[in-house]
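Following: one structure in structure tokens, then a few remarks.
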Amino acid sequence: MFGIERNSSRYPLGINPAVLLAAVFLIAYPLFASDFFTFQIGAYSLILGTIALSLTMLAGYGGMVSLAQMTVAGFAAYLMAILGTNSVGVMGLGWPWWLTVVIAILGAALLSTFIGAIAARTEGIYTIMITLAIAVAFFYFVRQNYQIFNGFTGFAGIKPPTLFGLYWRDPTPFYYLALAIAAFFFLAVRYGARSTFGLGLQAVRDNPRRVRALGINVFLHRIVAYFYAGIIAGTAGVLLVWFNGRVSPGIVGVDMVIDILVIAVVGGMRAPIGPFLGAIAFVLLENFAIDLIDRERFNTVIGLAFLLVVLFSPDGLLGLWRRIESKIRLPRASARLGVRANRGDWHPAGSSERM
Amino acid sequence: MNEPGTAVPRSALPQAGQFALELNSVSRHFGALVAMADIDMTVHAGERRAVLGSNGAGKTTLFNAITGDYPPTSGRVRLFGEDVTYLPVHERIRRGLRRTYQISLLFSGLTVIENIFLACRGVGRGRHSLLRPRRDDGAMEMAETLLHAVHLDDRRDTPVAELSHGQQRQLEVALALSGAPRLILFDEPAAGLSPSERADLVDILQSLPPHVGFILIEHDMDVALRVAERVTMMHNGRIFKQGTPDEIESDPEVQELYLGHGDNGGGRA
């Protein structure tokens, strides 16, 4: 409720025209994009963005940098293969798809809660270390366990259902599915940031000791945040296994874990749109860096690009955009707006609604 | 505590609920350093108490032991008759204890009203609600009232990071008054305030409802002796003297120690 009134006075109908434009573009995208761009670029960016969103929620709003979010998403992906059907002949309990999806997401959320229970008593660099240790341990565990996780090979042949006459792995339906889920969690995080729980979480980030002196159980608040982050990451994990059609230890490997961190940081942790910007940049680079330079060197291009972003804009692409925006607006708009745009605090919270 | 079934002696009845706070030989050590030793202290419900003493006398350590920020190394703490020695901070707060901090500890990323709202919600139900607070939410209404009481109405939607020092002190007080406080610990609430802000603070302290007691650490004797009914003097981690403001002011040992050597004109510095 805070600040909405102010925004609505600035734009007709209370909607920022840039947001309207972005929404129209995202909905119309498959109409003019090729299957490759719809599926490999569009849908994949949305999935990675959603996983990174769960990290942004924990880190940006809660001050907890968890490197195990990819592990949580990967666990949901594995549960889909183990409880549902796969073509490998290991596990594959054949549960109906809807039950598998629900249990996979809940299982991921419980794992996230468990990770939170271990990590929530630590702060800063120690949270990073503990969650990294859990991520690495999970990677080696699934790689070496053949009875349940089918070890190095993993699982293949995991398919989304055919529903309403649509096969949901076809590029256009899958893109819309990913878009709907990403949009849902994006809006949920944006709304939730100003809910009682969200305000409490940001208070925990700003000053855990004082939060205790308000009668709030900091430990419980953090664990509940991990649970919600697990729901987000787990749902994205279900999409990821449908996207790939397979799941193997590589998906929860250290490089993927780091990729999610890179996406969140490069995109900007100040607002829930950040991880999606980061994911688009990441997926585009991953696919096209190879055209700029020979096959062996394309990781160098990716690395350099991200180094440049972080060097020139510590708050990521989001901060870069805000700086450009304020430069354009400053000559025309009132000084107050300029001050607001330049305030440059790192926190996602502020008095105005932020995308 | 009495065994179930045992009759409560009639003479014990008036005692029930008499004390808001009872400290029983409470000590706090930091390694070899004894910050506070053998503190015995009782504060009646609704009593207004000032704690005086030089820097390092153990005043803030005393507060930390009461709230559980840094629990005592030994001794017992009772709040409203209940032994809270082993309870975490947030559980003590939910029982009606509040405190302010010497250095403002606020949520700099949130606005003024959001800070107060959280304080009101923190001690009530719905701490984990995923809904945004509505304007007619009980906690939000209380937050608006407190906002007005500490004269921050025009800073309602300002992020706390942008407040002046004095305004942050006022907000600290608002957070401590949230919910239904029964005993408030004020840690130098007047530090860094202008004379007019001090007068406002004294007004707020004096207009608290009679059932709300508080303990006040304050260097400004003018503020401390004006609002307190009783005074506890601390020195080197121990209680040195207790009494009414007049007794303390006229005590030769106190004058010697605290108000300066042989300074007859001392008193209200």
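The values are calculated or read from the model by the stated rules, or taken from the named source; none is laboratory data. Not measured: the values here are computed from a predicted model. For neighbour counting, all protein chains shown are included, and Cβ atoms are generated from backbone atoms with ideal geometry for every residue, glycine included. When the accessible area is computed, the model is the full protein with side chains, heavy atoms only, and any ligands, DNA or RNA have been set aside. Shrake-Rupley method; radii C 1.70, N 1.55, O 1.52, S 1.80 Å.
Which whole number gives the average count of other chain Cβ atoms within 10 Å of the Cβ atoms across peptide B:110-120? Don't skip to the answer; put the middle values down first.
On the way: counts 12, 7, 1, 2, 10, 5, 0, 3, 10, 7, 2.
Across B:110-120, the average partner-chain Cβ count within 10 Å equals 5.
Averaged over peptide A:198-211, how many Cβ atoms belonging to another chain are found within 10 Å of each residue's Cβ?
6
Given a 1.4 angstrom probe, what's the average accessible area per residue across the protein assembly as shown, in square angstrom?
Roughly 44 Å² per residue, with all protein chains present.
To the nearest whole number, what is the average tally of beta carbon atoms from other chains within 10 Å of the beta carbons of peptide B:95-102?
The per-residue average across the peptide is 2.
Report, ordered by chain and residue number, the aspartates and glutamates lying within cross-link reach of residue A:327, taken as a straight Cα distance under 14 Å and ignoring same-chain residues fewer than 8 apart.
The reachable aspartates and glutamates, counting only those whose Cα sits under 14 Å from residue A:327, number zero.
Using a Gaussian network model of chain A with C-alpha springs under 10 Å, which one of A:237, A:62, A:92 is most mobile by mean-square fluctuation?
Maximum among the listed residues: A:92.
What is the angle, in °, between the Cα long axis of helix A:125-144 and the longest principal axis of the Cα atoms in chain A? Nearest 10 is fine, range 0 to 90.
20 degrees
Of the options A:156, A:193, A:288, report the single residue whose Cα projects farthest towards the positive end of the charge dipole of chain A (beta-carbon charges: Lys, Arg +1; Asp, Glu -1).
The residue sitting most towards the positive pole is A:193.
Using only Cα atoms, find the angle between the long axis of helix A:17-32 and the longest principal axis of chain A, and express it within 0 to 90 degrees, rounded to the nearest 10.
Long axis of A:17-32 versus the principal axis of chain A: about 30 degrees.
Using a 1.4 angstrom probe on the protein heavy atoms only, line up A:91, B:234 by accessible area, largest first.
In descending accessible area the options line up as A:91, B:234.
Any idea which of B:248, B:219, B:29 is furthest toward the positive side of the dipole for chain B, if Lys and Arg beta-carbons carry +1 and Asp and Glu beta-carbons -1?
Highest projection toward the positive end goes to B:29.
Write down the Å³ per residue value for the convex hull defined by the alpha carbon atoms of the protein assembly as shown. Provide the component values of the computation, followed by the final result.
Numbers: hull volume 138.8 nm³, N = 624.
Taking the convex hull of the Cα positions in the protein assembly as shown, it is 222 Å³ per residue.
Tell me, what is the 1.4 Å probe accessible area of residue B:38, in Å² to the nearest 10?
Answer for residue B:38: close to 90 Å² accessible.
In Å², nearest 100, what accessible area do chains B and A bury in total when the solvent probe is 1.4 Å? Write down the numbers at each step before the final one.
Values: alone 13740 and 17280 Å², together 27560 Å².
Buried surface at the B/A interface: approximately 3500 Å².
With a 1.4 Å probe and every protein chain left in place, tell me how much accessible area residue A:87 has, in Å² to the nearest 10.
Only protein atoms counted, so the area is about 90 Å².
Once label points are set 7 Å from the Cα along Cα→Cβ at both residue B:257 and residue A:299, what is their separation, rounded to one decimal in nm?
6.9 nm
Name the lysines eligible as straight-distance cross-link partners of residue B:59: C-alpha to C-alpha under 27 Å, and not fewer than 8 places from it in the same chain.
Filter leaves B:241.
Using 12 Å as the cut-off for backbone N distance, which residues of the stretch A:64-81 belong to the label zone defined by a point 7 Å from the Cα of residue A:93 along Cα→Cβ?
Counting backbone N atoms under 12 Å from the label point, the list is A:79-81.
What's the FRET efficiency of residue B:78 with residue A:16 using the Cβ-Cβ distance as r and R₀ = 56 Å, to the nearest 0.05?
0.50
Could you rank A:168, A:98, A:242 by how accessible they are, 1.4 Å probe, largest area first?
From most exposed to least exposed: A:98, A:168, A:242.
How big is the convex hull of the Cα atoms of chain A, per residue, in Å³?
Spread over its residues, the Cα hull of chain A gives 157 Å³ apiece.
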